[in-house]
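> The structure is given below, and queries will be raised subsequently.
What follows draws every value from the coordinates through simple rules; no lab data is involved. Note that the coordinates shown come from a computational prediction; the quantities given were computed from them, not determined experimentally. With ideal geometry, Cβ positions are generated from the backbone for all residues, glycine too; neighbour counts draw on all protein chains shown.
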Amino acid sequence: MKLLKIQPAIAENIPEIVALDQLCFNGIWSEDGYRREINSDKSILLTLSLVNNSELKIIGIGCLWSILEEAHITLLGIHPDYHRQSLGSLLLYTLLKDAVNRQLERATLEVVTGNQVAINLYEKFGFKVAGTRKNYYPKTGEDALILWRNGIDKPEYTTELEDWGNRIRDHISQQYLLY
């Protein structure tokens, strides 16, 4: 069974994170951008790694900004070789759990309008379309949907989030062991 580990990124991870960013997002952020996220107390940058003989291979990244009472999910990416294994769900769940622990009230994010797989994932977690940002992605000129999830500070949301977490862990445990 393969081992998975989710943990906050550290400076030594930056070259590998930037390579994954290139693959997933066509280079949305620079090394300096990731360094700022690692050093900010208003941000959490998570890595999802495969563990093999104490070596970690980063296969996913996710980032959340804490802005007043809002969680802004700034990126969520999984290496294409590991799509459709609920690993994006696992990272999103972990980011939302962090937002709940920070006692934030709502969550928001932007997603490429044509990325239906990602949109389906976010909708599964209760996000709703709030609008569109025209030409949001400068490299491609693509539009972004703005998605919102209110009420993440409510007790029923914590229960719902834990249910999602249990289902995700159950599904992942068929192939991976969380470490």
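> Residue pairs, Cβ under 6 Å, 6 or more apart or interchain, first in the stretch 112-127 and over 16 Å from N150 (Cα atoms), second in a helix (DSSP H, G or I) and charged (D, E, K, R). List them.
Between residues of the stretch 112-127 that are over 16 Å from N150 (Cα atoms) and residues that are in a helix (DSSP H, G or I) and charged (D, E, K, R), there is no close pair.
> In this structure, does G27 turn out to be over 22 Å from R149 (Cα atoms), out of contact with any Phe, Trp or Tyr (no Cβ under 9 Å at 6 or more places or on another chain) and in contact (Cβ under 8 Å) with a residue 60 or more places away in the chain?
Values: over 22 Å from R149 (Cα atoms): yes; out of contact with any Phe, Trp or Tyr (no Cβ under 9 Å at 6 or more places or on another chain): yes; in contact (Cβ under 8 Å) with a residue 60 or more places away in the chain: yes.
Judged against the criteria, G27 is a match.
> Just to check your reading of the model, which residue among V129, V111 is β-branched (V, I, T), in contact with a helix residue (DSSP H, G or I) (Cβ under 9 Å, 6 or more places away or on another chain) and under 22 Å from L23 (Cβ atoms)? Outline the logic, then answer.
On the way: V129 fails: under 22 Å from L23 (Cβ atoms).
Being β-branched (V, I, T), in contact with a helix residue (DSSP H, G or I) (Cβ under 9 Å, 6 or more places away or on another chain) and under 22 Å from L23 (Cβ atoms) holds for just one of V129, V111, which is V111.
> Just to check your reading of the model, which residue among L23, L45 is under 19 Å from H79 (Cβ atoms), surrounded by fewer than 19 Cβ atoms within 10 Å (Cβ to Cβ) and of a type in the set (A, V, I, L, M, F, W, C)?
On the way: L45 fails: surrounded by fewer than 19 Cβ atoms within 10 Å (Cβ to Cβ).
Sole residue among the options that is under 19 Å from H79 (Cβ atoms), surrounded by fewer than 19 Cβ atoms within 10 Å (Cβ to Cβ) and of a type in the set (A, V, I, L, M, F, W, C): L23.
> Collect the residues in the stretch 1-41 that are of a type in the set (F, W, Y) and in a loop (DSSP other than H, G, I, E, B), keeping them in residue-number order.
Across the stretch 1-41, the qualifying residue is only W29.
> Considering T108, T132, which residue is part of a strand (DSSP E or B) and surrounded by fewer than 15 Cβ atoms within 10 Å (Cβ to Cβ)? Before the answer, list the steps.
Working: T108 fails: surrounded by fewer than 15 Cβ atoms within 10 Å (Cβ to Cβ).
Criteria check complete, one pass: T132.
> What are the residues in the stretch 32-73 that are farther than 18 Å from I17 by Cα, touching a helix residue (DSSP H, G or I) at 6+ places or on another chain (Cβ under 8 Å) and free of Cβ contacts under 8 Å to residues at least 40 places away in the same chain, if any?
The answer is S66, and nothing else.
> Let me ask another. Here is a check on your reading of the model: is P15 under 24 Å from Y137 (Cα atoms) and either polar (S, T, N, Q) or in contact (Cβ under 8 Å) with a residue 40 or more places away in the chain (or both)?
Details: under 24 Å from Y137 (Cα atoms): yes; either polar (S, T, N, Q) or in contact (Cβ under 8 Å) with a residue 40 or more places away in the chain (or both): no.
The answer is no for P15.
> While we're looking at this one, here's another question. In the stretch 135-155, which residue that is touching a helix residue (DSSP H, G or I) at 6+ places or on another chain (Cβ under 7 Å) and part of a loop (DSSP other than H, G, I, E, B) is nearest to S66 (Cα to Cα)?
Looking at the filtered set, the residue picked out is I152.
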